[in-house]
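First the structure, in the form of structure tokens, and then the observations on it.
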Amino acid sequence: MFVEAKSSGQPRLAREAVNKLWRAIAQKGSAYGVFIAPYISPTSAEICAAEGIGCLDLAGNCRLCFGQVYIHKEGKPNPFSQKRYLRSLYAPKSERILRVLLSQSHKAWKVKALASEANVSLGLVSNVKKLLSDREWLSTSADGFCLSHPAALLADWAQNYNYRHNQAFDFYSFKTVGEIEEVLASTCSELGIRYALTGFSGAARYAPVVRYQRVMAYVDADIESLANLLNLKAVNGGANVSLLSPYDEGVFYQARSVDGQAIASGIQLYLDLLGFRGRGEEAATALLEQVIMPQW
């Protein structure tokens, strides 16, 4: 029996282990290979099974099939912390790279060009590229690399995203939703303030499937001063306006103008909407199906 152990069970590393095991088996003539890692994802387990290689992780998942032996156990969750990995892939500046890749999934990127587009360092792009490659979510060619599994990346990011990382300020206005959005847009434009409608306010411009009664927008300015100009009253409950001070400028990436109002990108809207269970998930699903996926 040959065993190949790795510090991670991500698909790329699993495939490397399988290839190394088969080279060893070819030299031996007859043997069974087993891939071992702290945690082996279902995708990695499938890679091993398809190649006739056993797998075993420290979480208790395994698939061993040789001679008269067949042991199969799956479904055990990962007991090991992945916070460091998540901080790397879903840290604010790393997310800028993800927004670029998801927004232009068919484009082949070089590290330097992607770093410039995302406004991050070359080293960070290289690190994120490696993390995505480990999950086999990238494809490479002579022209560069591009995202090959955008849906998988977006779904994973959504599970690790929380719009509450932004600082939210809640207000009440006697104006209607439409009037609030109009005066917010005109005031920000006049003062040169960067802003973008998000949540239901933004989704209504892309895929209007849910009625809403609260304006939500990112604002890159002193929100309390802006609220005074807009005659908004700060409240602890019953708000119909939420202005967000963004946790990172990446939230404004590819914001577009619709009827003279700045709207966050479809990717950003999708992530934010999932923070509102029920109607938010409904609006997010419509946005994904009608706007985001057709671009992939």
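Readers should treat all values here as calculations from the given coordinates under stated rules, not as data from a laboratory. It should be emphasised that the depicted structure is a prediction, and the values quoted were computed from it without experimental measurement. Reconstructed Cβ throughout: ideal geometry from the backbone, glycine too, with neighbour counts over all protein chains shown.
So between Ala91 and Ala234, what do we pick up on full extension, going 0.36 nm a residue minus the alpha carbon distance?
Stretched out fully, the Ala91 to Ala234 stretch lengthens by 48.4 nm.
Within straight-line reach of Lys110, meaning a Cα separation under 16 Å, sit the following aspartates and glutamates at least 8 residues removed in sequence or on another chain: Asp143.
Principal-axis analysis of the Cα atoms of the chain puts helix 177-191 at an angle of about 90° to the longest axis. A simple rule links phi to the HN-Hα coupling: the Karplus curve 6.51 cos²θ - 1.76 cosθ + 1.60 with θ = phi - 60°, which for segment 119-135 gives 6, 9, 7, 5, x, 5, 4, 4, 5, 5, 4, 5, 5, 6, 5, 4, 8 Hz, with x for Gly and Pro.
Ignoring aspartates and glutamates fewer than eight residues from Lys233 along the same chain, the ones with Cα atoms less than 20 angstrom from its Cα are Asp170, Glu179, Glu181, Glu182, Asp220, Asp222, Glu224. For segment 163-295, the convex hull drawn through the C-alpha positions has a volume of 101 cubic angstrom per residue.
Order the peptides 262-270, 181-189 from the highest to the lowest mean number of other Cβ atoms within 10 Å of their residues.
Packing order, densest peptide first, comes out as 262-270, 181-189.
3J(HN,Hα) along segment 89-103: 7, 10, 6, x, 6, 5, 5, 4, 5, 5, 4, 5, 5, 6, 6 Hz, from the Karplus curve 6.51 cos²θ - 1.76 cosθ + 1.60 with θ = phi - 60°, whole Hz, x for Gly and Pro. Only one residue of Val215, Ala26, Thr187 has its Cα farthest out toward the positive end of the dipole of the chain, where Lys and Arg carry +1 and Asp and Glu -1 on Cβ, and that residue is Ala26. Straight-line reach from Lys107: taking Cα to Cα under 28 Å and skipping same-chain neighbours fewer than 8 places apart, the lysines in range are Lys93, Lys129, Lys130. Within the chain, the longest run free of trypsin sites (Lys or Arg not before Pro) that sit in a DSSP loop with at most 13 other Cβ atoms within 10 Å is 1-109.
Average 1/r across all pairs of distinct alpha carbons in the chain, invert it, and you get the Kirkwood radius: 21.7 Å.
Only DSSP H runs of four or more residues enter the estimate; each adds -39500 (n - 2.57), and after division by the residues of the chain the mean residue ellipticity at 222 nm equals -12500 deg cm²/dmol.
Multiplying the residue separation of Trp22 and Ser133 by 0.36 nm and removing their Cα-Cα distance gives an extension gain of 37.8 nm. Taking Cβ separations below 4.7 Å as the criterion for a possible disulfide partner, the isolated cysteines in the chain are Cys62, Cys65, Cys146, Cys188.
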